[in-house]
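Down below is the structure, laid out as structure tokens.
Readers should treat all values here as calculations from the given coordinates under stated rules, not as data from a laboratory. Everything quoted here is computed from the prediction, not taken from an experiment. Cβ placement follows ideal geometry from the backbone for every residue including glycine, while neighbour counts extend to all protein chains displayed.
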Amino acid sequence: MNKKGQCRGTVVICPGGGYEWLSDREAEPVAAAFEKAGWKAEVLRYSVGRDLGTKPLLELGRAVALAKANAPGEPVVVCGFSAGGHLAGSLGVHYQDLGLARPDAMILCYPVITAGAYAHRASINNLCKTDQEYYSLEQHVTNDTPPTFLWATMSDDEVPVQNSLLMAEALGEAGVPYELHIFPKGVHGLSLCTPEVDEPERGRLADVHVARWFALCVEWLETIK
């Protein structure tokens, strides 16, 4: 809630999972954190599998449109992790050509961005096997792309940090406001990077430094007009 006790807006959360499955660690715990920070939060359980095309994107577009209809005048933000970050970013760059609702801001957490040299190929292949340029988001940023918050880690060996850097460069060239945080250490899939989402068997451990991404993000959201 803000100082007047009003909700700040709605965050629609897209968990990661390579477009093959959906990570619970990047779903309800994240929603609870945003709700504690004064935002309404919804988790989108979008379609996963093979040959998905724009199906998940259309689902996210409908979710954002519904959130806007339910709370006129309040900002609606998309937040995605890994492949969910690709989905959130896809809405930000493709909402116009598909006639979908425009999010007011994007939060992209160690996102899959490119279909090029630094691609997380499994994620892109689950969308389509050919003509993948449409899913290389850095190539479709315009000055109408929503303001964006990005974070990633240098040591991510699943989704290279270059994905976030490519998106930041494209946003900057288009004149879109963005904030980018690159942490030096941390495996892929850290989520909130707090004890509640620890996954020791995969090296995903709480880290108070990396966990600061969430507080930084909430502060950044206050700059959204």
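Computed about its Cα centre, the charge dipole of the chain is approximately 560 debye, with only Lys, Arg, Asp and Glu carrying charge at their Cβ. Legend: ranking of residues Ser47, Ser191 from fewest to most surrounding C-beta atoms inside 10 Å; resulting order Ser47, Ser191. Simple spin-label estimate for Ile182 and Gln6 gives 3.9 nm between the two label positions (7 Å along the Cα-to-Cβ direction from each Cα). Computed from the C-beta positions of Gln139 and Asp198 and an R0 of 41 Å, the FRET efficiency is 0.65 to the nearest 0.05. Distance between the 7 Å Cα→Cβ label points at Lys129 and Asp51: 0.9 nm.
Annotation: the residues Thr148, Thr130, Thr10, Thr54, sorted from fewest to most other C-beta atoms within 10 Å of their own C-beta, follow the order Thr130, Thr54, Thr10, Thr148. Note on Arg212 and Ala117: their simple-model spin labels are 3.2 nm apart, each label 7 Å out from Cα toward Cβ.
In this calculation the C-beta distance from Asp24 to Asp157 is compared with R0 = 22 Å, giving a FRET efficiency of 0.50. From the alpha carbon centroid of region 122-136 to that of region 55-114 is 18 Å. What is region 8-61 by shape, rounded, prolate or oblate, if you read a ≥ b ≥ c off the alpha carbon gyration tensor as root eigenvalues and call it rounded for a/c under 1.5, prolate for a/b larger than b/c, and oblate otherwise? It comes out oblate by the Cα gyration axes. Cβ crowding within 10 Å ranks Trp220, Trp21 as Trp21, Trp220, fewest other Cβ atoms first. For the chain, just say rounded, prolate or oblate: build the C-alpha gyration tensor, square-root its eigenvalues into a ≥ b ≥ c, call rounded for a/c under 1.5, and beyond that prolate if a/b exceeds b/c, oblate if not. Taking the square roots of the gyration eigenvalues as a ≥ b ≥ c, the chain is rounded. For a test of understanding, tell me how many lysine pairs in the chain have Cα atoms under 21 Å apart, given they are 8 or more places apart or on different chains. Lysine pairs meeting both conditions in the chain amount to 13.
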